[in-house]
Amino acid sequence: MACVLEAPLRMSVLSEVTASSRHYVDRLFDPDPQKVLQGVIDMKNAVIGNNKQKANLIVLGAVPRLLYLLQQETSSTELRTECAVVLGSLAMGTENNVKSLLDCHIIPALLQGLLSPDLKFIEACLRCLRTIFTSPVTPEELLYTDATVIPHLMALLSRSRYTQEYICQIFSHCCKLRHWHSCGFKSSPQPLLCANGPDHQTILFNHGAVQNIAHLLVSTSYKVQMQALKCFSVLAFENPQVSMTLVNVLVDGELLPQIFVKMLQRDKPIEMQLTSAKCLTYMCRAGAIRTDDNCIVLKTLPCLVRMCSKERLLEERVEGAETLAYLIETDVELQRIASITDHLIAMLADYFKYPSSVSAITDIKRLDHDLKHAHELRQAAFKLYASLGANDEDIRKKIIETENMMDRIVNGLSESSIKVRLAAVRCLHSLSRSVQQLRTSFQDHAVWKPLMKVLQNAPDEILVVASSTLCNLLLEFSPSKEPILESGAVELLCSLTQSENLALRVNGIWALMNMAFQAEQKIKSDILRGLSTEQLFQLLSDSDVNVLMKTLGLLRNLLSTRPHIDHIMSSHGKQIMQAVTLILEGEHNIEVKEQTLCILANIADGTTAKELIMTNDDILQKIKYYMSHSNAKLQLAAMFCISNLVWNEEEGSQERQDKLRDMGIVDILHKLSQSSDPNLCDKAKTALQQYLA
């Protein structure tokens with residue numbers, strides 16, 4: 001019997017809710033303005049904290065009517081203000097609510113409302129705008145569509161502490177970066193891309209954001225101070241122009257960095273300490289504050305280390321570690337100081353044990369939240385370990401000796417969270433710079449296996465760091481080199497050289513270059529087969545000098561040891577000579593041409609391969625030209641070619657010497673033997689001795 005009643009019962013409840021909601025919407029259409037106002041006030045009270053009611057009212061079409069009333073000149077200011085309040089309350093519901101409001105073009109309507117002379121109405125519009133712009137579904141660009149909006153918001157900053165709080169909050173949420181480093185890493189929480197045109201930081205800066213917001217840091221309202229502080233952190237991030245300006249701003253006779261330092265003090269709320277530490281960190285990384293400045297070494301760095309302690313909340317520990325990772329990322333001295341501050345390396349190990357079974361968290365809601373976000377702690381710890389170990393061998397050793405560290409990294413490489421995987425690869429990359437660790441810990445834990453797995457089908461940002469790590473694992477002294485080769489690395493790396501992503505092309509060719517160093521002939525042949533002549537030419541004509549240099553480095557490594565040189569030149573000689581000619585004739589820098597001449601010197605060292613040079617008058621003329629070049633490096637490289645060609649212990653040396661003498665090479669050698677450069681002088685004398693022997 002109960003089963004039969006259940007469905008109709010549910011329906012009747014639903015229809016009751018919808019009916020009561022419809023009653024609210026119907027009242028918005030009453031001809032009596034007083035009744036409309038009372039209807040909006042009742043609606044406001046009904047939706048507070050009631051997401052179901054909010055969704056019902058949106059479905060029943062309340063939003064277009066509220067927006068109509070808000071924009072009507074005939075509506076009383078009180079009614080317009082109440083409409084803005086209700087719309088703000090609807091926006092505080094789910095993301096779908098915000099999407100519905102955006103679909104009704106709420107933003108232009110609210111921005112128009114800011115032109116009203118009434119402060120209460122302006123504050124209600126700003127509060128609603130703040131709620132909408134802080135939602136992840138709102139495109140930041142909507143704030144910048146109309147060029148008059150930003151200057152008007154700047155002008156409204158002086159109206160009240162509420163306008164200050166809301167406008168600063170809107171700015172800090174709508175200031176996104178266009179460029180974000182992909183090779184190095186940025187630990188800041190703003191790696192978001194914005195559309196073309198001037199970036200948001202520049203627009204806000206050009207409209208006087210710094211001058212208009214600076215004095216709010218000393219406001220009597222904590223909320224205003226915090227929003228101003230957050231604003232400066234997003235304005236300064238990766239922005240030398242803003243950061244250099246901030247350093248010299250005075251507020252009540254005090255420089256801004258000094259104000260930030262005061263906000264770092266332990267008696268200030270944690271949120272304030274963290275955000276001011278971020279401001280100082282970003283100014284330092286943008287080059288506005290020196291890394292050895294006391295405000296960084298004695299104030300910012302220790303504050304961020306404090307944030308990593310287990311007494312802090314999960315999100316504070318995450319933000320503290322990520323900001324610290326960014327602060328010390330490129331500075332060896334800061335890395336050393338951080339590594340010995342408050343046992344940081346051991347403290348970070350706790351990030352992997354959280355929440356523990358004996359956790360002190362008694363709040364069930366908090367525990368549930370932290371379990372869902374524990375992966376963020378692991379990500380932050382990997383990032384900070386990566387920065388700490390970026391340069392110093394002793395620090396790397398300490399990190400690796402931290403309990404189960406290599407196992408944690410290996411586990412991190414296969415986590416479901418892409419951010420954790422990326423951070424684990426970064427950490428591995430940082431540690432792979434250690435010759436000692438490549439020979440020991442990396443081998444003991446067969447790190448190459450999960451790394452090769454990561455390389456199979458990862459997004460580009462992971463591929464870039466993973467392939468950089470592979471470059472290190474392929475160095476000739478690394479025991480991992482052999483098993484990596486056996487697991488199909490040649491094919492994988494050759495495919496990377498065809499990527500449209502520049503960093504991946506560089507890493508692919510770099511890893512092949514390392515692989516070819518002192519390798520056996522089979523590996524070299526595999527590389528050439530995998531790359532194909534066509535791809536080799538493609539790389540040699542790449543617009544990026546890094547790709548070109550690494551490709552030349554690969555060729556040089558392939559063409560080493562005589563049997564290998566002769567073998568490769570017998571099958572690929574024509575194409576390689578063509579490539580060398582192209583580069584020596586092209587508009588390239590000294591390093592590129594020097595590397596190319598070194599390749600020729602290697603070819604000249606072959607037994608049969610040297611004939612490819614001797615029968616190519618064009619190449620011989622180029623070598624002669626570079627012997628008399630104004631750059632000593634190029635002269636020396638050309639001399640190596642000549643030395644190898646005239647070496648008299650080898651078959652056919654007499655004919656080669658005669659041909660080169662007829663070209664005027666001996667005259668140049670005599671001239672160079674008088675050179676003030678000792679290297680050139682010695683090399684010329686050695687070559688001349690071959691003629692005398």
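The values are calculated or read from the model by the stated rules, or taken from the named source; none is laboratory data. Values in this document were obtained by computation on a predicted structure and should not be read as measured data. A quick note on method: Cβ atoms are made from the backbone with ideal geometry, for glycine too, and the neighbour counts reach across all protein chains shown. Ligands, DNA and RNA are excluded from the accessible area calculation, which covers all protein heavy atoms including side chains. Shrake-Rupley method; radii C 1.70, N 1.55, O 1.52, S 1.80 Å.
General remarks:
- Ordering of 513-519, 535-541 by burial proxy (mean other Cβ atoms within 10 Å per residue, highest first): 513-519, 535-541
- Cα-based helix-to-principal-axis angle, 77-91 vs the chain, degrees rounded to 10: 50
- Treating r as the C-beta distance of Ile41 and Thr202 and R0 as 35 Å, the FRET efficiency rounds to 0.20.
- Counting only Cβ charges, +1 for Lys and Arg and -1 for Asp and Glu, the dipole size of the stretch 561-692 around its Cα centre is about 180 debye.
- Pairwise FRET efficiency - Cys681 versus Lys397, Cβ, R0 = 35 Å, nearest 0.05: 0.20
- Residue ranges 579-589, 125-135 sort as 125-135, 579-589 when ordered by packing (mean number of other C-beta atoms within 10 Å per residue, highest first).
- Within-12-Å neighbourhood charge of Asp526 [Cβ basis; K, R +1; D, E -1]: 0
- Long-range amide H partners of Val251 with built H, under 5 Å: Leu256
- Entry note, the chain: relative contact order of 5 percent, from Cα contacts under 8 Å with a spacing of 6+ residues.
- Near His564: Cβ cut-off under 9 Å, other residues only, Lys/Arg at +1 and Asp/Glu at -1. The net charge is 0.
- A straight line joining the Cα centroids of the stretch 527-546 and the stretch 620-693 runs 31 Å.
- Once the Cα-Cα distance is subtracted from the 0.36 nm per residue extended length, the Ala19 to Arg159 segment shows a gain of 46.2 nm.
- Listed candidates (i) 39.6; (ii) 42.0; (iii) 31.7 - label of the one calculated as mean projected area of the Cα convex hull in nm²: (ii)
- 1.4 Å probe accessible area per residue over the chain, in Å²: 45
- Two numbers describe the Cα atoms of the stretch 356-506: Rg and Dmax, which are 16.6, 54 Å.
- Here the stretch 102-139 is scanned for amide nitrogen atoms under 14 Å from the site 7 Å beyond the Cα of Thr77 along Cα-to-Cβ, giving 114-125.
- Ellipticity estimate at 222 nm from DSSP helix runs (n ≥ 4, -39,500 (n - 2.57)) divided over the chain, nearest 500: -21000 deg cm²/dmol
- For the stretch 589-661, carbon and sulfur atoms together expose 49% of the accessible surface, with a 1.4 angstrom probe and every protein chain in place.
- In this calculation the C-beta distance from Asp292 to Leu371 is compared with R0 = 35 Å, giving a FRET efficiency of 0.30.
- Working note: Cα atoms of the stretch 561-692, range along each principal axis, descending, whole Å: 41, 36, 25.
- Given their separation in residues at 0.36 nm each and the Cα-Cα distance between them, Glu500 and Arg562 gain 18.8 nm when the chain is fully extended.
- Counting 0.36 nm for each residue step from Met244 to Gln578 and taking away their Cα separation leaves a gain of 115.2 nm.
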